[in-house]
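Engineer: Take a look at this one; I'll ask things after.
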Amino acid sequence: MKIKSFINKFFLSVGLTALILSNLNAQSSVTIQIQGANPSTTISKHIYGHFSEHLGRCIYDGFWVKDSANLPKKDRIRLDIVEALKKIQIPNLRWPGGCFADEYHWRDGIGVRDQRPKMVNTNWGNVTEDNSFGTHEFLELCTLLNCEPYITGNVGSGTVEEMSKWVEYLNFDGLSPMTLIRKQNGRDKPWKVKFWGVGNESWGCGGNMTPDYYADQYKRYAGFTKNYPNAPLLKIASGANSDDYKWTETMMKKVDPWMMWGLSLHYYTVPKDWGNKGSATSFDESEYFGAMKKTLFMEELVRKHATIMDQYDPEKKVALVVDEWGIWTNVEPGTNPGFLFQQNSLRDALIAGTNLNIFNNHADRVRMANLAQTVNVLQSIILTEGNKMILTPTYHVFDLFKVHQEAKLLPIQFVSPEYVYGKEKIPALNISASKDSNDVVHITFVNLDPNKSINLQTTLQAINWSKVEGLILSSAKITDVNTFDKPDSVKLVTFNGAKKEGNNLIVVLPAKSIVLLTIK
Ligand code: AHR
């Protein structure tokens, strides 16, 4: 009996000690310096762009619903989606693809709707595309959203003539064959679309081209897509797949900066591998850690592509445009594999915050980015089911980070605590900071460590302030999601973990959290 009670006490005390030690361990500390004097780099609002492809349920049964749908809509555009996107100040929307762009022929998507030719969407499930959502419908959507359209032309299976006429149709104000057709289709004035992508993934689904061949093609297309009066174009070349630095080098070597406003980069976080990407909702810490490590690779990608661009364009005239990024998992069980429909968890929100912090901190070169994709596809910010709509955890990150749009980037110095998993480690903390036109400072923090909070001691140099307010996005588990039954499981709440001590900002940043601090 005595032995049994001794053993019980022993294990109880070992258990308590382990708990106390693990609690002591469950914190790390860091000192941060933020420099507020004379910031010069503007964080372009276009870093906060989105992407809507004719893919799965993004356009059809996403933005664009049936005439019979019983919900608020303008024509067939869902207005609840429009309102949600306006709230996060969506600055631009990329369309019509993606891979779809290089088999899309814009003339099939204008004119009387029920007479438009149909096509097969061979990239995405071989579904029949009825072309009911075309140029006029997309531009109406952008008008409702009050955002810039970003149109990608067809280089893979189209012609220079086709793309140059699309520009004429959209941007010319005078009398011309294309403007006559536009007027017959009910639009008198040109839309003056600025952002034009010249093909998409021309190294892959956009034509399997070599960088040399594409660079030559690019110059043909760029040369014949004209700046009409008061409608200058900002042309974006199809850029590298992930770490294909040769692509960037070739483009920068062969194309003069004046011909190319931007050069793109596509990189997705694939938690496992392309054969089995991993589930969107059911993953352990090992898979979570792997996904975060892969997400942080974006920092290296941006830095290395930018370094190559610097050699040819030291004045940084050409923007690095990360016009496809986000997490790509297996589709939800039972859904069409060609539709790329995946749920969205707290993990995805942490991925979004990390990418946006990286883009902000490279705002001197990264001047546009587009999350893939807005509604019902990949890392969506909105999911729909019939008349219902939910905002995903990733949506809330864009809501938090919108304060950085067009603000001045503030330099930050710190050494991140490590997030250790097994024998591997990654930086647990990423941050970006900016000062807006009212001198209000905003800092966005992401703590990737799911187990440890971080104590931050922050010096704000050359910043006069008296008050700090905060918002936080977190949840009990990294796998937590919003569902149609529980749409607000993961949502923004007030954050009370920051205080002023002298001129220092003291913050306790919870594990697996994204925090916005407003300092004024
Ligand atoms: O976003 C889904 C697809 O991913 C796009 O169509 C293509 O550009 C990329 O490979």
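Computed from the coordinates by the stated procedures, all read-outs in this text should not be read as laboratory data. Model, not experiment: these values are computed from the prediction. No Cβ is skipped: glycine too gets one built from the backbone with ideal geometry, and neighbour counts run over all protein chains shown.
Engineer: Using a Cα-Cα cut-off of under 15 Å, which aspartates and glutamates could be cross-linked to Lys277, ignoring same-chain neighbours fewer than 8 residues away?
Structural biologist: The qualifying aspartates and glutamates are Glu287, Glu332, Asp348.
Engineer: What does the extension gain come out to for Asn455 and His105, with contour length at 0.36 nm per residue minus their alpha carbon separation?
Structural biologist: 120.5 nm
Engineer: Scan region 262-326 for trypsin sites (Lys or Arg not before Pro) in coil per DSSP, keeping those whose Cβ has at most 15 other Cβ atoms within 10 Å, and list them by number.
Structural biologist: The qualifying sites are Lys316, Lys317.
Engineer: Over region 282-408, what is the mean sequence separation of C-alpha contacts under 8 Å (at least six apart), divided by residue count, expressed as relative contact order in percent?
Structural biologist: 26
Engineer: Which whole-number percentage describes the relative contact order of the chain, with Cα contacts under 8 Å and a sequence gap of 6 or more?
Structural biologist: Answer for the chain is 19 percent.
Engineer: Given contacts defined as C-alpha pairs under 8 Å and at least six residues apart, what's the relative contact order of region 148-224, whole-number percent?
Structural biologist: Here the relative contact order equals 41 percent.
Engineer: Tell me, Tyr218, Tyr312 in order of fewest to most beta-carbon neighbours within 10 Å?
Structural biologist: Tyr312, Tyr218
Engineer: Find how much the distance from Glu300 to Val508 grows on full extension, using 0.36 nm per residue of separation minus their present alpha carbon separation; answer in nm with one decimal.
Structural biologist: In short, 72.1 nm is gained.
Engineer: Moving on. Determine, for each peptide in 502-511, 452-461, the mean count of other beta carbons within 10 angstrom over its residues, then list the peptides with the highest first.
Structural biologist: Result, highest mean first: 452-461, 502-511.
Engineer: Let me ask something else about it. Go through Ser242, Leu93, Gln413 and say which Cα lies farthest out towards the positive end of the charge dipole of the chain; charges sit on Cβ, +1 for Lys and Arg, -1 for Asp and Glu.
Structural biologist: Final value for the positive-end residue is Gln413.
Engineer: How large is ³J(HN,Hα), in whole Hz, for each residue of region 249-263 in order, when computed from phi with the Karplus curve 6.51 cos²θ - 1.76 cosθ + 1.60 and θ = phi - 60°, using x for Gly and Pro?
Structural biologist: Using θ = phi - 60°, the values come out as 4, 5, 5, 5, 6, 8, 10, 5, x, 5, 8, 9, 6, x, 10 Hz.
Engineer: Take the Cβ-Cβ distance between Leu180 and Ser157 as r, set R0 to 35 Å, and report the resulting FRET efficiency rounded to the nearest 0.05.
Structural biologist: After rounding, the FRET efficiency stands at 0.85.
Engineer: Here's something else I'd like to know. Quick one: dipole size for the chain, taken about the Cα centre, charges +1 on Lys/Arg Cβ and -1 on Asp/Glu Cβ, in debye to the nearest 20.
Structural biologist: Dipole magnitude for the chain comes out near 1060 debye.
Engineer: Same structure, new question: Within a Cβ distance under 12 Å of Thr483, other residues only, what is the Lys/Arg minus Asp/Glu net charge?
Structural biologist: Local charge sum for Thr483: -3.
Engineer: Taking the Cα centre as origin and putting +1 on Lys and Arg beta-carbons and -1 on Asp and Glu beta-carbons, what dipole magnitude results for region 398-520, to the nearest 20 debye?
Structural biologist: 180
Engineer: Identify, among Ala372, Gly158, Leu391, the residue whose Cα sits farthest towards the positive end of the charge dipole of the chain, taking +1 on the Cβ of Lys and Arg and -1 on the Cβ of Asp and Glu, with the dipole about the Cα centre.
Structural biologist: Highest projection toward the positive end goes to Leu391.
Engineer: Still on this structure, please answer the following. When all C-alpha to C-alpha distances in region 231-348 are sorted into bins of 10 Å, what percent of pairs does each bin hold, rounded to whole numbers?
Structural biologist: It works out to 13, 37, 25, 19, 6, 0, in whole percents.
Engineer: Running Debye on the chain with equal point scatterers at the Cα sites and no solvent, what base-10 log of I(q)/I(0) appears at q = 0.12 Å⁻¹?
Structural biologist: Here log10 of I(q) over I(0) equals -1.12.
Engineer: Of all DSSP beta bridges in the chain, what percent run antiparallel (nearest 5)?
Structural biologist: Bridges in the chain that DSSP calls antiparallel: roughly 55 percent.
Engineer: Report the Cys residues of the chain lacking a disulfide-compatible partner, meaning no second Cys Cβ under 4.7 Å from their Cβ.
Structural biologist: Unpaired cysteines in the chain: Cys58, Cys142, Cys147.
Engineer: Rank Leu296, Val65, Pro117 by how far each Cα sits towards the positive end of the charge dipole of the chain (+1 on Lys, Arg Cβ; -1 on Asp, Glu Cβ) and give me just the farthest.
Structural biologist: Checked the options; the winner is Leu296.
Engineer: Counting other C-beta atoms within 10 Å, which of Met163, Met119 has the fewest, and how do the rest follow?
Structural biologist: The fewest-first ordering by Cβ neighbours comes to Met119, Met163.
Engineer: Let's see if you can work this out: charge +1 on each Lys and Arg Cβ, -1 on each Asp and Glu Cβ, no other charges. What is the dipole magnitude of region 113-218 about its Cα centre, in debye to the nearest 20?
Structural biologist: 380
Engineer: Rounded to the nearest 0.05, what FRET efficiency do Arg113 and Thr483 have when you use their Cβ-Cβ distance and R0 = 25 Å?
Structural biologist: 0.15
Engineer: Now a separate question. Where does the chain land at 222 nm, in deg cm²/dmol rounded to the nearest 500, when only DSSP H runs of n ≥ 4 count, each adding -39500 (n - 2.57), divided by all residues?
Structural biologist: -9000 deg cm²/dmol
Engineer: Out of every Cα pair in region 314-468, what percent are spaced more than 21 Å from each other?
Structural biologist: Tail of P(r) above 21 Å: 55 percent of Cα pairs.
Engineer: While we're looking at this one, here's another question. Given points 7 Å out from each Cα along the Cα-Cβ axis, report the Ala26 to Asp75 separation in nanometres with one decimal.
Structural biologist: If labels sit at Ala26 and Asp75, their model points lie 5.3 nm apart.
Engineer: Using the structure shown, list the pairs from Lys293/Lys317; Lys194/Lys246; Lys45/Lys73; Lys272/Lys512; Lys294/Lys425; Lys87/Lys408 with a Cα-Cα distance above 23 Å, or answer none.
Structural biologist: Correct reply: Lys293/Lys317; Lys194/Lys246; Lys45/Lys73.
Engineer: So which trypsin sites (Lys or Arg not before Pro) in region 93-132 pass both tests, a DSSP loop state and at most 12 other Cβ atoms within 10 Å of the Cβ?
Structural biologist: Lys118
Engineer: Show me, for region 413-427, the HN-Hα J-couplings you get by feeding each phi into the Karplus relation (A = 6.51, B = -1.76, C = 1.60, θ = phi - 60°), rounded to Hz, glycine and proline as x.
Structural biologist: Once rounded to whole Hz, the list reads 10, 5, 10, 5, x, 8, 9, 9, 9, x, 9, 10, 8, 9, x.
Engineer: How large is log10 of I(q)/I(0) for region 195-299 at q = 0.11, 0.14, 0.21 Å⁻¹ when the intensity is taken from the Debye formula with one equal scatterer per alpha-carbon?
Structural biologist: So the normalised log intensities work out to -0.46, -0.65, -1.02.
Engineer: What FRET efficiency comes out for the pair Ser466/Trp274, r = Cβ-Cβ distance, R0 = 35 Å, nearest 0.05?
Structural biologist: Given R0 = 35 Å and the Cβ-Cβ separation, E is 0.10.
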